[in-house]
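The values are calculated or read from the model by the stated rules, or taken from the named source; none is laboratory data. The structure displayed is predicted, hence computed values, not measured ones. Reconstructed Cβ throughout: ideal geometry from the backbone, glycine too, with neighbour counts over all protein chains shown.
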Amino acid sequence: MVQHAMANSDTLPPSADVAALAATCDQDCGEAATLSYRWEWGATGTCCAHHAALLQQTAVSLKRAVVIHPIALAAPAPLLRDERIQLTARALVLEAELTEAQTQGLSVYRKNGDLQVQLSTAVVRDREAKAQLQDMRAKLAELEKWNEQITNENGRLLVELERLKSLDAFVHERAEREALHDRGLEPPTTVDR
Ligand SMILES: [Zn+2]
């Protein structure tokens, strides 16, 4: 019992300090990591409080979830040099991917804004065109009505013209007969027209 307790006190370092020293912020800042995070797609890491806040902002702008919590005080095994190098490289890759995703997100956001402007322009133009079309339809209906009136009037005038022509022919014929008769050339005949 005693040996065991003594062995522990010798081999276990003050865990909290070592834990803080063992992990550094993987956001390439070199600060001691006090928090660990986990993205919803599974990527995990450790970071300082400042970078944790940045990660949360990033998560909001990406519309993705990141869970951040204090690093457990139980000291993890100190990282080997190779592991640290690998983790740092992985962090750099992730950071690059994150930056790219943010850039793409911003680009999509701007394109979306442009599209919305184009869309509302198109909507206004569409409304304008529809209003003009309605206007033109009304004018066309008016013209058709007018055309119909003119056609009717024209038909009526044609009938009238025919009537006047035959009346003229009749009058002319009678005048000639009377002229012949006056000169005693031909007897008048009764015209029943
Ligand atoms: Zn940091």
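Structural remarks
- The range 29-48 - residue that is within 8 Å of the ligand (Cβ to nearest atom) and surrounded by fewer than 17 Cβ atoms within 10 Å (Cβ to Cβ) and, of those, nearest to P70 (Cα to Cα): E31
- Filter pass, R163 being closer than 30 Å to A59 by Cα and among the basic types (K, R): no
- Residue match in the range 31-38 (condition: at pLDDT 85 or above, in contact with a helix residue (DSSP H, G or I) (Cβ under 6 Å, 6 or more places away or on another chain) and within 26 Å of Y109 (Cβ to Cβ)): yes
- For the range 83-133, the tally of residues that are touching a residue at least 40 places away in the same chain (Cβ under 8 Å) and either touching an Asp or Glu at 6+ places or on another chain (Cβ under 8 Å) or not aliphatic (A, V, I, L, M) (or both) stands at 7.
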